[in-house]
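I have placed the structure first, in the form of structure tokens, so that the comments after it can refer back to it.
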Amino acid sequence: DRLLLDGAGIGGILVLLHAFLDVKGTILDKMHYLLYYIAPAMNPRFLCLVDAADPAQLVPVSTNVRVGQAVETVGQAGRPKTITGFQTHTTPVLLGFKDRAEMAGTEYAALSSVMEGVVLVEKLPEPPVTA
């Protein structure tokens, strides 16, 4: 859930900060290409679901997910809701800075506990119909 820092992103930011110590001699002179070091720190937050039946094909799955503001659930008993004020969207979805996603339907189940990036999902078996 974006709790860990990205090493490549932090490294790129540190290179740029070090170059800005002498901005007239580096960035504004002949080393303008150092601005490209900020690129590893930029990555969009998205959610794309892929069918786990054939991971070699990477077939995208379009299903409903709830996207809402993240709620801290550490230490709470049971299965508390992890989001509040949610909206239902169809994947693929772009997530905001403080947003979190969870599965809305019962057709698919995620194989990952973190719903960010590319997530493998498997189709759930349909419950038997009793007459």
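Structure notes:
- Where Q57 falls short, out of the listed (1) part of a strand (DSSP E or B); (2) open to solvent by 70 Å² or more (accessible area, probe 1.4 Å): (1)
- Near pairs, Cβ below 7 angstrom, 6+ apart or cross-chain, from region 102-117 (more than 19 Å from G68 (Cα to Cα)) to any residue that is among the hydroxyl-bearing types (S, T, Y) and in a strand (DSSP E or B): none
- Selection over region 1-41 of residues that are within 15 Å of the chain's Cα centre (by Cα) and touching a residue at least 24 places away in the same chain (Cβ under 8 Å) gives a count of 4.
- Candidate set from region 36-54 (those that are open to solvent by 80 Å² or more (accessible area, probe 1.4 Å) and at pLDDT 80 or above); member that is nearest to T106 (Cα to Cα): A53
- Criterion violated by R79 - all others in (1) open to solvent by 80 Å² or more (accessible area, probe 1.4 Å); (2) part of a loop (DSSP other than H, G, I, E, B); (3) within 30 Å of V15 (Cβ to Cβ); (4) not small (G, A, S) satisfied: (3)
- Evaluating G96 against the criteria (1) over 19 Å from the mean Cα position of the chain (by Cα); (2) assigned to a loop (DSSP other than H, G, I, E, B) leaves one unmet condition, (1).
- Positions within region 75-114 being at pLDDT 80 or above and among the hydrophobic types (A, V, I, L, M, F, W, C), in sequence order: F86, V93, L94, L95, A101, M103, A104, A109, A110, L111
The values are calculated or read from the model by the stated rules, or taken from the named source; none is laboratory data. This is a predicted model, so every value here is computed, not measured. Counting neighbours? That spans all protein chains shown, and the Cβs are built from the backbone with ideal geometry, glycine included. Surface accessibility is based on the protein's heavy atoms, side chains included, excluding ligands, DNA and RNA. Shrake-Rupley method; radii C 1.70, N 1.55, O 1.52, S 1.80 Å.
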